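To start, the structure itself, in structure tokens.
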Amino acid sequence: MKRGGGVHTVPAEGEGRKGWWKKLDDEILSLEVNGPGDQLTIRRLKKKKLVLKDQITTIEDQLLPDIIA
């Protein structure tokens with residue numbers, strides 16, 4: 001995902017996405033802790049984080065089939 005002059009790109013691999021998710025989490029936390037911050041940026045990062053989490057879950061579901069007992 002690359003928008004509005006940002007430097008964020010989403011990796012294609014599942015494991016890479018987990019690392020990216022952690023980086024987003026750290027960046028959001030840093031913005032929230034270091035003062036009022038730009039609320040619009042924080043909101044956008046949180047939305048990217050949710051989309052990424054959904055993608056990770058989808059990939060994991062494809063790799064690990066459901067076992068019906």
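Out of the residues in the stretch 58-69 that are touching a residue at least 24 places away in the same chain (Cβ under 8 Å) and aliphatic (A, V, I, L, M), state the one that is surrounded by the most Cβ atoms within 10 Å (Cβ to Cβ). Step through it out loud before you land on a result.
So in the stretch 58-69, the residues touching a residue at least 24 places away in the same chain (Cβ under 8 Å) come out as 59-60, 63.
Then drop every residue that is not aliphatic (A, V, I, L, M), which leaves 59, 63.
Details: ILE59: 15, LEU63: 8.
Among them, the one singled out is ILE59.
Across the stretch 17-57, what is the number of residues that are of a type in the set (Val, Ile, Thr), modelled with pLDDT under 90 and open to solvent by 40 Å² or more (accessible area, probe 1.4 Å)? Explain how you work it out, then say what you get.
Keep residues of the stretch 17-57 that are of a type in the set (Val, Ile, Thr), which gives 28, 33, 41-42, 51, 56-57.
Checking the rest, the ones that are also modelled with pLDDT under 90 come to 28, 33, 41-42, 56-57.
Remaining after also requiring open to solvent by 40 Å² or more (accessible area, probe 1.4 Å): 33, 41, 57.
Residues meeting the conditions: 3.
The values are calculated or read from the model by the stated rules, or taken from the named source; none is laboratory data. Please read these numbers as outputs of a predicted model, since none were measured by experiment. With ideal geometry, Cβ positions are generated from the backbone for all residues, glycine too; neighbour counts draw on all protein chains shown. Accessible surface areas use protein heavy atoms only, side chains included; no ligands, DNA or RNA. Shrake-Rupley method; radii C 1.70, N 1.55, O 1.52, S 1.80 Å.
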